[in-house]
Amino acid sequence: MEVGDKDQDGKLSKDEAIAAAKKLFAAIDVDKRGSLNEKALADGLNEVLLPPGVPAVRGRGPGGPVTNSLLRKANVDREGKLSTEQFAELAAAFLKEWDTDKNGSLDGKEIEAGLTGLIPPPKFGPPGEQGKVPPKGDRP
């Protein structure tokens, strides 16, 4: 959040969130095409979301699920590409959606909860039990 929090108040305003989204998009758009396909977006988000030195295993990391959620929410073109402006519009939409205290900005907890909500629960376990964590006593 420190990167986007220009006024250092510990929150992201709408303008700060949009500016941060555009900066992130520019960093991911290494070819400077102004649009990103699903793979480029997922790979770029993996670079940002994974700790330094931790590679995405076989191309898998948090970037894939986050990208799927972003593309579902955005109105991407027929080729499945997301533009800089669409990415900025997503930031504004997420600010509105994640702003649980309705103060027009996001604090760290709201951002964390929102990002966590973008990643679907794991799909393993018996049918009907996917995404549920077993009680402590039942864990191997």
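Where a number appears in this text, it was derived from the coordinates with a stated rule and is not lab data. Keep in mind the model is a prediction, meaning the values are calculated, not measured. We place every Cβ from the backbone using ideal geometry, glycine too, and count neighbours over all the protein chains shown.
Worth pointing out:
- Rough spin-label spacing in nm, given labels placed 7 Å along Cα→Cβ, for Thr84 and Ser69: 2.6 nm
- Potential extension, Ala92-Leu118 segment - 0.36 nm per residue separation minus Cα distance: 7.8 nm
- Using a cut-off of 27 Å between Cα atoms, the listed pairs Lys23/Lys96; Lys22/Lys73; Lys32/Lys109 include Lys32/Lys109 as exceeding that distance.
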